[in-house]
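Student: One structure is given below, represented as structure tokens, and several questions about it will come after.
The values are calculated or read from the model by the stated rules, or taken from the named source; none is laboratory data. Bear in mind that the values here come from a model prediction, so they are computed numbers and not experimental data. Here Cβ is always computed from backbone atoms with ideal geometry, including for glycine, and neighbour counts include all displayed protein chains.
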Amino acid sequence: MRRLIVAILVISLAPVSASLAKPAPPPPVHERPTDLVAADLGVPEQVFVDCFSGVSPEANHDPSVTQQHANKAILLPCLQAENPSITNEKLDSVMDKYRPEGPMPKP
């Protein structure tokens, strides 16, 4: 009888534990809507999140030209591996579109 009760509990809780096992949404990428950025670039959202994880954004939102180039050297090739049609200009345009503080000033 005890095994029957345990079996019933396990079976009844299985759907609950399965619903809890759903993957978490990607973390926000420095206040940018990752789903929209990814869609505009023509890549899956998780690809954008993964590529951006190697980037080191400036905390004060004012990166040096050197920092901008270093970040671009990481981000652009990673995104192009998924979508070779992404150009430097396209990436700049999309990132500026969704940058919370507005477009990046041109050096």
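Student: Go over the candidates 89, 58 one by one and state the one that is of a type in the set (D, E, K, R), at pLDDT below 90, more than 14 Å from residue 38 (Cβ to Cβ) and loosely packed, with under 14 Cβ neighbours inside 10 Å.
Tutor: 58
Student: Report whether or not residue 94 is farther than 14 Å from residue 42 by Cα and among the β-branched types (Val, Ile, Thr).
Tutor: Criteria not met by residue 94.
Student: At least 3 residues that are farther than 15 Å from residue 31 by Cα, of a type in the set (A, V, I, L, M) and within 17 Å of the chain's Cα centre (by Cα) in each: list the helices (runs of 4 or more DSSP H) lying fully within region 44-107 that qualify.
Tutor: 65-82
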